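Take a look at the structure below.
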Amino acid sequence: MRIEAVPGDITDQDVDAVVNAANSSLLGGGGVDGAIHAAAGPELLAACRDLRRTTLPDGLPVGDAVATGGGRLRARWVVHTVGPNARVGETDPALLRSAFTRSLDVAAEVGARTVAVPAVSAGVYGWDAATVAAVAVAVGAVRGWAGEHPDALDLVRFVLFSPAVLAAFEDALAEH
Ligand code: AR6
């Protein structure tokens, strides 16, 4: 499984699944969540509302993930995850690692082979980009997952919107 970090907008990615940094309501927001909903169109919000009505009446817990179709995105699936929100005291790295690993579990379960992943929690949720990227968090979580599921995915591509966040992920990928 290849793991890479690229600059760009996650909504443009030609991959099977795109991970969304959502909130527990699954009903949209700003940042990457707003961009994904805008690009995917109303079908995505309808799918999220269905999930809330059926399997997730209390919303998606922090650190978990769930898939919907991708609407008008090139990606066939959106995997919604909820990172911890440092602004309300959610600073446990295990929760953030879980957001990344559960996203890959769900992507593999629906049959994706290639997955684009944003810097979950590095925006509105207030985590420092270097902490999110770290070998102990995003990069470590994805590497650890790949070790446990060696043939489950072909590509995990971190797609980073800002140069500073991209640099943090490149640094983490360069470490052992
Ligand atoms: N492509 C890739 N990365 C992006 C894009 C994009 N189109 N847009 C923003 N980013 P955030 P969070 C980067 O705030 O911190 C929402 O309102 C951004 O620069 O999107 O997990 C949700 O509904 C940052 O580096 O997610 C939740 O309420 C990273 O994506 C809350 O924000 C994550 O920033 C979640 O906050």
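Ranking Arg97, Arg52 by solvent-accessible area of protein heavy atoms (1.4 Å probe, all protein chains present), from largest to smallest, gives Arg97, Arg52. A simple count of charges around Leu44, restricted to other residues whose Cβ falls under 14 Å of its Cβ and scoring Lys, Arg +1 and Asp, Glu -1, yields +2. Amide H to amide H distances under 5 Å link Asn20 with Val79, His80, Thr81, where only residues 5 or more positions off or on other chains count and H is placed in the peptide plane. P(r) for the chain, from all Cα pairs and a bin width of 5 Å, is 1, 10, 19, 24, 23, 15, 6, 1, 0 %, short bins first.
Which net charge results when you count Lys and Arg as +1 and Asp and Glu as -1 among the other residues whose beta-carbon is under 12 Å from that of Ala5?
-1
When the charge dipole of the stretch 76-148 is built from unit charges on Cβ atoms (+1 for Lys and Arg, -1 for Asp and Glu) and taken about the Cα centre, the candidate among Thr114, Ala86, Leu104 whose Cα reaches farthest toward its positive end is Thr114. Taking label points 7 Å from Cα along the Cα-to-Cβ direction, Arg53 and Glu148 give a separation of 3.4 nm.
At a temperature of 37 °C and a viscosity of 0.692 mPa s, determine how fast the stretch 33-130 diffuses translationally according to Stokes-Einstein, using the Kirkwood radius over alpha-carbon pairs as Rh; express D in µm²/s, rounded to the nearest whole number. Using the Kirkwood radius from Cα pairs, D works out to 234 µm²/s. Between Arg74 and Asp92, the simple spin-label model (points 7 angstrom out along Cα→Cβ) gives 3.8 nm. Per residue, the solvent-accessible area of the chain (1.4 Å probe, heavy atoms of protein chains only, all protein chains present) comes to 44 Å². Electrostatic bookkeeping for Ala108 treats Lys and Arg as +1 and Asp and Glu as -1; over the other residues with beta carbon under 12 Å from its beta carbon, the sum is -4.
The values are calculated or read from the model by the stated rules, or taken from the named source; none is laboratory data. Quick caveat, the model's predicted, so the values are computed rather than measured. Note that we place each Cβ from the backbone using ideal geometry, even for glycine, and neighbour counts take in every protein chain shown. These area figures cover heavy atoms from the full protein model, side chains too; ligands, DNA and RNA do not enter into them. Shrake-Rupley method; radii C 1.70, N 1.55, O 1.52, S 1.80 Å.
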